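A quick write-up on the structure given underneath.
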C-alpha cells in the first residue's frame, strides 16, 4: 500500500511537471534569425525576428525596426539611426484604407480624359491591385529531393523539398520537421495577426502575408530557402541561423522613448519580403 502511494505521488509529480513545462513553453517567445544572401556576390543581410503571441518585432542591419502589437492593433516603424518613428493604429488603418479608396476613385475619374492606350494600362493596373488583395492563399505542393538530411547552422537537421505552385517549381526549401522542431503553427500566429492588420490598411499582402499561410501547408519550418525565380534573374537564398524559444522582455514590443514621431504616408509602401 505504501508503495502504491509513493507511485501515485510520483506520477502526480511527473504530470504536474509536464503541465508546467508545457505552460511555460506556450508563453515563451520565439527568436528567429536569417541571413538573406541576395544575388551572388552581394553581402549577406541578417534579419532578426522575435515573436510572442500576437506580437512581432523585426530588425534589419540598417537600424530599421518594425514592432507590431496584434493585441493593441498598433504598428510602429522605427529608424534607430535617425531616432524617428511612424505609428499606425486600428483607427489609422481605417483612414488609410479610406484614403486609398478615394485615390482610386479619383484615378478612375481621370481615366476618362486619357487616350485609349493609357486608359487601358491604368485599368489593368487598378484591377491587378484589387486582384492581389482578393487572392486566396496560394496552393503549394512539396516534393522531397534526394540527398538525405542536412545539418544547419541553427543546430537543426532539415529535409530538402522542391516547392511547386501551379505546376512550376518556385523554390527549393530545406524544412525542419514540425515534430523535431518542438514548435507548432501557434508559435507563429504573430505573422497571421500582422497579415490581417495589413489587410485592414489595404496594403499589398500578396508576398508578405503568405508567410503564415505557407507555413500551414508546409511539412516543417524553412531552414534554407533557394528562390528559383525566372530565367536569367539572380537567385536569392535565405538561411536560418537561429531558432529557439526564449523569454522576451515585454519592452521589446513597446515603443522606445526618445524618438520623434513622423507622419505616415496615406498609401504605405509594399510589404513584400522580396
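Per-structure values
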{"quantity": "Exclusive hit being at pLDDT below 85, exposed (fewer than 13 other Cβ atoms within 10 Å of the Cβ) and closer than 30 Å to residue 235 by Cβ, set 128, 113", "calculated": "128"}
{"quantity": "Scan of region 68-87 for residues that are touching a residue at least 60 places away in the same chain (Cβ under 8 Å) and exposed (fewer than 13 other Cβ atoms within 10 Å of the Cβ), ordered by number", "calculated": "83"}
{"quantity": "Close pairs (8 angstrom Cβ cut-off, 6 or more residues apart or separate chains): at positive phi and in a loop (DSSP other than H, G, I, E, B) in region 229-248, modelled with pLDDT under 90 and surrounded by 14 or more Cβ atoms within 10 Å (Cβ to Cβ) anywhere", "calculated": "229/235; 229/236"}
{"quantity": "Unique residue being touching a helix residue (DSSP H, G or I) at 6+ places or on another chain (Cβ under 9 Å) and surrounded by 12 or more Cβ atoms within 10 Å (Cβ to Cβ) when the list is 162, 57", "calculated": "57"}
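The values are calculated or read from the model by the stated rules, or taken from the named source; none is laboratory data. Keep in mind that what you see is a predicted model, and the values were worked out from it rather than measured. Backbone-built Cβ (ideal geometry, glycine too); neighbour counts: all protein chains shown.
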